[in-house]
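Just so it is clear, none of the values below were taken in a lab; they were calculated from the coordinates. Predicted model, so just to flag it, every value in this text is computed and none were measured. Using ideal geometry, Cβ is built from the backbone for each residue, glycine included, and neighbour counts are taken over all protein chains shown.
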Amino acid sequence: MALAGKAEAILERLEAAAPQEGLDIVSVEVTGPGDHPIIRVRIDTLDDEPIDMQGVVDHTPWVSGIVEDLDPFSDAYELEVSSPGLDRPLRRARDFGRFVGSRAEASLTQMVGGRMKGTGTIESVEGDLVTMSVDGNPWTFDVSQLKAARLKPDYAQIFAQAKAREPRGDGDQPVATDAGDRGDGDPGDEA
């Protein structure tokens with residue numbers, strides 16, 4: 001069985017068990033050399049709250065158990081279970097629907113609307129039809145035509161928002177300015 005077939009088999013089994021665990025299986029990827037394949041499973045919560053590291057740790061045993069039961073490779077393999085990350089893969093209509101208004105990139109298996117790939121904003125999802133605004137024009141395709149898609153986060157904006165949340169030292173948070181300053185208004189004993 002080819003690597004893509006093994007990934008599909010693992011995905012199918014994990015998706016069958018995931019709802020009872022309160023999880024969404026975002027993607028399964030099998031990669032690496034034939035003598036040491038790597039199985040990457042990306043998981044997330046079913047609600048709009050992203051999974052945290054503890055959630056990944058808590059759910060890894062049952063994911064591992066299902067993969068071990070399948071025994072996809074006769075030799076050793078490596079299993080990686082993780083969150084989907086900021087540039088999470090999109091593979092189903094509901095994935096696109098969850099992120100309407102976000103930027104994404106998609107590539108298709110065939111030409112649709114004069115293009116096979118594009119980057120833009122997810123505008124809407126109706127059934128299995130996804131509409132993205134690419135270069136200011138609507139681009140509509142069926143998810144069955146997807147080769148690959150993922151969110152395209154604006155890292156500059158993310159870093160700017162994180163920087164805006166950092167303490168500024170203007171009274172909101174004590175900030176030490178030198179080794180003698182404890183940040184509590186008392187410079188301490190100076191020698």
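The table below lists the values:
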| read-out | value |
| --- | --- |
| Ratio of Rg to Rh over region 3-82 (Cα coordinates, Kirkwood Rh, two decimals) | 0.96 |
| Extent along principal axes [Cα atoms of the chain; Å; largest to smallest] | 74, 48, 33 |
| Modelled FRET efficiency - R0 30 Å, Ser82 with Ser102, Cβ distances, 0.05 increments | 0.90 |
| Where labels lie 7 Å past Cα in the beta-carbon direction, separation of Asp35 and Ile158 in nm | 3.6 nm |
| Lysines with Cα under 23 Å of Lys6, excluding same-chain neighbours fewer than 8 positions away | Lys147 |
| Most mobile listed residue (Ala162, Ala149, Ala76) in the chain, GNM with C-alpha springs under 10 Å | Ala162 |
| Listed residues Arg92, Arg115, Arg150, most fluctuating in the chain (Gaussian network, C-alpha, under 10 Å) | Arg115 |
| Column: log10 I(q)/I(0), Debye, Cα scatterers of region 93-151, q = 0.25, 0.31 Å⁻¹ | -1.00, -1.63 |
